[in-house]
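What follows is a set of notes on a single structure, which appears directly below.
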Amino acid sequence: MGRKTARRAGAWLILLGVIGVIASIAWWQNFYSRVIGDAPVECLYQFTGQCRMVSNMAEFFGAAGYDPRLLWASGVVGIFGLFLQR
């Protein structure tokens, strides 16, 4: 892959990562504010304890429960894009 192509791909991956992080935050805020009223920050990046219980209960009743794997995957994609920019 040429240098210019790698930089362009890196820019697109960074953009995709940022969009994914923004979408994750919006999904997290929307989901938890509707289910329990206040969105716990730890539920943005982890999926244990109370966060898992709330998400599983919502999914049981047909809601699309928040999943922090989108946030983590978006971060990895963005970081990979940064490495391609070098």
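For the range 19-42, which residues satisfy the criterion of being in a loop (DSSP other than H, G, I, E, B) and either small (G, A, S) or open to solvent by less than 80 Å² (accessible area, probe 1.4 Å) (or both)? So that I can check it myself, show each step before the final result.
Taking the range 19-42 first, the residues in a loop (DSSP other than H, G, I, E, B) are 36-41.
Residues satisfying the conditions are I36, G37, A39, P40.
In this structure, does I79 turn out to be free of Cβ contacts under 8 Å to residues at least 24 places away in the same chain, aliphatic (A, V, I, L, M), open to solvent by 80 Å² or more (accessible area, probe 1.4 Å) and out of contact with any Leu (no Cβ under 7 Å at 6 or more places or on another chain)?
Working: free of Cβ contacts under 8 Å to residues at least 24 places away in the same chain: no; aliphatic (A, V, I, L, M): yes; open to solvent by 80 Å² or more (accessible area, probe 1.4 Å): yes; out of contact with any Leu (no Cβ under 7 Å at 6 or more places or on another chain): yes.
Here the answer is no, as I79 does not meet what is asked.
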Of the conditions (1) modelled with pLDDT of 90 or more; (2) within 13 Å of the chain's Cα centre (by Cα), the single one that C43 does not satisfy is (1)
Among residues of the range 43-69 being in a loop (DSSP other than H, G, I, E, B) and of a type in the set (S, T, N, Q), the residue farthest from T5 (Cα to Cα) is T48
T5 meets each of (1) open to solvent by 90 Å² or more (accessible area, probe 1.4 Å); (2) of a type in the set (S, T, Y); (3) over 13 Å from the mean Cα position of the chain (by Cα) with one exception, condition (1)
For the range 45-66, pairs from a residue that is closer than 19 Å to A26 by Cα and among the acidic types (D, E) to a residue that is open to solvent by less than 80 Å² (accessible area, probe 1.4 Å) and in a loop (DSSP other than H, G, I, E, B), with Cβ under 8 Å and 6 or more apart or across chains, are E59/G65
Every listed condition ((1) open to solvent by less than 90 Å² (accessible area, probe 1.4 Å); (2) assigned to a helix (DSSP H, G or I); (3) free of Cβ contacts under 8 Å to residues at least 60 places away in the same chain) holds for W72 save (1)
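The values are calculated or read from the model by the stated rules, or taken from the named source; none is laboratory data. All of these numbers come straight from a predicted model, not from anything done at the bench. Because the Cβ atoms are built from the backbone with ideal geometry, glycine has one as well, and the counts that use them run over all protein chains shown. Note: accessible area is taken over every heavy atom of the protein model, side chains too, but ligands, DNA and RNA are not part of it. Shrake-Rupley method; radii C 1.70, N 1.55, O 1.52, S 1.80 Å.
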